[in-house]
Amino acid sequence: MVAVTAGDWFSTPENYVFLAIALPLVFAGWRVVTSSNVVHAVLYLVGALGGSAALFLLLGAEFVAWAVVLVYIGAVVVLFLFGIMITRAPIGVEVELSHPLRVRISAALVSGALFVLIAIAALTAFGSESIPEAEVTRTADIGQSIFERFVIPFEVVSVVLLAALVGGIVIARRDPSPEEIAAGKETL
Amino acid sequence: MIITQFVILGAALFALGVYGVLSRRNAVLVLLSVELMLAAVNINLVAFDAFVADRIAGGQIFALFIIAVAAAEVGIGLAIVLLIFRNRRSANVDELDLLKL
């Protein structure tokens, strides 16, 4: 196993920026999975995703960072809030949101083992290899790359989105009952 | 910055997501935990993209693809949860035991 010296983790100012982002990020993630209030959990997810967007900025991936802000924080979180309101998930303090303690302990063991496994693998494989000085990726380069090298996956993703859109409408739409059809009230 | 920091942060977020999926009872909150896992994967992809200084920015582009697929997944997932709630008056995953005798 490669010895990791403390200097590599704390030597540059960027490391402190990383820590200033990463610690609130992990805290927000922790609150997402433990909060006893549904709306608070969603709002902590906003914090976690905002932290990941800040990390992307730190790594010079500006377009991905703003895509996360727009798509995740702007659209997905709003969709989640809609889902919570519509399914009348218990809003307010509610202890029944999680499984009983026995299940939670098993889940904590599984996820803790997973974390330790990945952490040991990362330390063994990469040790303290540093990321080269991040230069900001230009959005024009990303567009060039998408439409040249990754054009097939890009088209596939667009079809997936269209299929999901149609599928979501078909699944969530309420079918009219036979009486409503007989009465001519087939509207949604 | 060293790559291990980002990988360990990603692992922590992913483990939190796994914990949420296994321990949450409400289906909407299970989907929320899945989003956390996807965010962890995105952090790894962008970090490795910067690590290898990819000329065609493959890691960033696949992070964008994951964002798009996550949006689709949330749309479909919430539609299914909505349908289950309409039919069973409940969105708790442990009460969906129709397949159990």
Q. In the range A:150-161, is there at least one residue being at pLDDT 90 or above, within 20 Å of A:A75 (Cα to Cα) and in contact with an Asp or Glu (Cβ under 8 Å, 6 or more places away or on another chain)?
A. no
Q.
Any residue at all in the range B:13-29 that's more than 7 Å from every other protein chain (Cβ to nearest Cβ) and over 21 Å from A:V71 (Cβ atoms)?
A. yes
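Can you say whether B:V41 is under 20 Å from A:F56 (Cα atoms) and either at the interface with chain A (Cβ under 8 Å from one of its Cβ atoms) or touching a residue at least 12 places away in the same chain (Cβ under 8 Å) (or both), as far as the supplied structure shows? Please lay out each step first, then the result.
On the way: under 20 Å from A:F56 (Cα atoms): yes; either at the interface with chain A (Cβ under 8 Å from one of its Cβ atoms) or touching a residue at least 12 places away in the same chain (Cβ under 8 Å) (or both): yes.
Yes, satisfied.
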Q | Subset of the range A:90-126 [more than 21 Å from the chain's Cα centre (by Cα) and either of a type in the set (K, R) or modelled with pLDDT under 80 (or both)] | A | A:P90, A:I91, A:G92, A:V93, A:E94, A:V95, A:E96, A:R102, A:R104
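Please pick out the residue among A:F63, A:F82, A:F27 that is free of Cβ contacts under 8 Å to residues at least 40 places away in the same chain, facing chain B (nearest Cβ under 9 Å) and in a helix (DSSP H, G or I).
A:F82
The values are calculated or read from the model by the stated rules, or taken from the named source; none is laboratory data. Everything quoted here is computed from the prediction, not taken from an experiment. Neighbour counts run over all protein chains shown; Cβ positions are idealised from the backbone, glycine included.
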